[in-house]
Amino acid sequence: MLLAMLGVLTAFATIINNMYLPALPKLVEFFGATITQVQLGLTTGMVGLTIGSLVIGPLSDRLGRRGPLLMSMLVFTLASVGIIYAPDINVFVALRFLQGFAGGGGVVIARSIATDNYREHALLVALAVINVINGIAPIVMPIVGGSIVEAANWQGIFAFMAVVGVVMLMACALMRESLPESVRNSGGVMDVCRQFGKVLCNKEYVCYIVHQGAAQMLLFGNIASSSYIVQEHYGFSPIAYSLTLGVNGLFLAIGAGAAGALKSSLRGVRVSSWGMVVFALVELALVQFDLSFWAYEGVLCLMLAFMGITLTSSSSLAMESERLYAGTASALLGTVGFLAGSVVSPLVGIGSDMLLTTAVIFVLGAALAFAFGRKAMSLTAKKQ
């Protein structure tokens, strides 16, 4: 039950953004706004998620997990209801930031609660379950969102989010506090800043989060370029493209779950680092020979499966190395992923051949992940 709840909380990033993508045209029509103005709601939602994680994570190290989590779910629910009644696009965009901010609290505290409750291999298994749920969410949410738009217009999507918020608020109210007062951090704003400094001085932790951020270059590189590659380069329909995204997400979730079956998180980092490098290089070679879509997609799915192993294994080792400041560590871990996406997404458009550029990004991300993974593992081995 606890792991299911934590899995849903970590999926809030997907719920907040992916779910309402099918409603963008409806929002343009309803508010009489431009598509750029409506898409600003996506941007502010992501910015809110990032800032919320960085603020609420350290706060949970001081106040405990339960209180900040309950407040996050309450604000998320109220923001979702407020969006339904937004009188204009400006209020909509502002409430999207607030919704993202509160959702970021759920994401960051979920990993912290897992770290509080589980250790070593048990933590690896717990994060595997959580990441499987988080991996399935991008497949399911756009479908659910599209169905709701057809039945109840765009307001129905945010009504659904409000219901999710109420359910999670009730579930969190029944949850016991996972961080005892005796181990909480005390102090003011400057102490919070020092928490970030202490965590960032932990070389082992930093190597693991950079390893994970580099691995996510593969994911975000694919997300940013997949529409063009599948529909324009290979000539598939929008429906086929949606199915392709679903299959990619499925392999990512399979990899995340498979990490829990490995004997240790270190083995997961080692295996996934090699797997990502090998299949990224194979993908680059396939692009050179311009082989079929099925060859490209097959190798991509295998590469994403190994990346799924990385997400679980490196998260486990990173959080294990920073138990004292788990909330702060969880906030930085999530932020690195968001940064990877913001850096890589514009890069896929460089050059005249997006397919080739994407393959090069795959290789660069895999190589960086391999280098930082090896460094992180050596630091862990020295500590043991």
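Springs between alpha-carbon pairs under 10 angstrom, Gaussian network model over the chain: which of 354, 168, 73 fluctuates most?
With Cα springs under 10 Å in the chain, the top fluctuation among 354, 168, 73 is at 354.
If I stretch the segment between residue 343 and residue 2 completely, what's the gain in nm (0.36 nm per residue apart, minus their alpha carbon distance), one decimal?
119.4 nm
Let me check against my output: what whole-number percent is the relative contact order of the chain, with C-alpha pairs under 8 Å and at least 6 apart?
Taking the mean separation of contacting Cα pairs over the length of the chain, I get 25 percent.
Return the tail of the calculated pair distribution for the range 88-213, meaning the percent of Cα-Cα pairs more than 21 Å apart.
Cα-Cα pairs in the range 88-213 separated by more than 21 Å: 60 percent.
Rounded to the nearest Å, what's the spacing between the alpha carbon centres of the range 22-48 and the range 216-252? Just the number, please.
With the range 22-48 and the range 216-252 each reduced to a Cα centre, they are spaced 22 Å.
Listing 263, 198, 375 from the residue with the fewest other Cβ atoms within 10 Å to the one with the most, what is the order?
Listed from fewest to most nearby Cβ atoms, that is 263, 198, 375.
Would you count, across the chain, every pair of lysines whose alpha carbons are under 16 angstrom apart, provided the pair is eight or more residues apart or spans two chains? Don't jump to the answer; show the numbers that get you there.
Details: 203/375; 203/382; 203/383; 375/383.
So the count of such lysine pairs works out to 4.
Among 265, 74, 216, which residue has its Cα furthest toward the positive end of the charge dipole of the chain, with +1 on Lys/Arg Cβ and -1 on Asp/Glu Cβ?
Of 265, 74, 216, it is 265.
Rounded, prolate or oblate: which fits the range 26-120, taking a ≥ b ≥ c as square roots of the Cα gyration tensor eigenvalues, rounded meaning a/c under 1.5, else prolate when a/b beats b/c?
prolate
Is the shape of the range 196-383 rounded, prolate or oblate, going by the alpha carbon gyration tensor and its root eigenvalues a ≥ b ≥ c, with a/c under 1.5 for rounded and a/b larger than b/c for prolate?
prolate
Given the rule -39500 (n - 2.57) for each run of at least 4 DSSP H residues, summed and divided by the residues of the chain, what is its mean residue ellipticity at 222 nm, to the nearest 500 deg cm²/dmol?
-29000 deg cm²/dmol
For the chain, I need the span (max minus min coordinate) of the C-alpha atoms along each principal axis, in Å, sorted largest to smallest.
Computed over the chain, the largest-to-smallest principal extents equal 61, 58, 35 Å.
Return the sequence-ordered ³J(HN,Hα) values of the range 36-50 in whole Hz as given by the Karplus equation 6.51 cos²θ - 1.76 cosθ + 1.60 applied to θ = phi - 60°, using x for Gly and Pro.
5, 5, 5, 5, 4, x, 5, 4, 5, x, 5, 4, x, 4, 5
Pop out the ³J(HN,Hα) list for the range 355-364 in order, Karplus 6.51 cos²θ - 1.76 cosθ + 1.60 with θ = phi - 60°, rounded to Hz; leave Gly and Pro as x.
For the range 355-364, the Karplus-derived couplings read 4, 5, 4, 5, 5, 5, 4, 4, 5, 4 Hz, x marking Gly and Pro.
What residues from the range 209-241 fall in the zone where the backbone N is under 17 Å from a label point 7 Å along the Cα-to-C-beta line of residue 35?
Within reach of a label on residue 35, which here means backbone N under 17 Å from a point 7 Å along Cα→Cβ, the range 209-241 contributes 224-229, 231-232, 238-239.
Quick one: what Rg and Dmax do you get for the range 106-174 from the alpha carbons, in Å?
15.3, 46
Could you work out how far the C-alpha centroid of the range 318-372 sits from that of the range 78-114, in angstrom?
Taking the Cα centre of each part, the range 318-372 and the range 78-114 sit 24 Å apart.
If you take the square roots of the eigenvalues of the alpha-carbon gyration tensor of the range 2-183 and sort them as a ≥ b ≥ c, do you get rounded (a/c under 1.5), prolate (a/b over b/c) or oblate?
Here the range 2-183 falls in the prolate category.
No value in this document is a laboratory result; all are computed from the given coordinates. Please read these numbers as outputs of a predicted model, since none were measured by experiment. Cβ: placed from backbone, ideal geometry, glycine included. Neighbour counts: every protein chain shown.
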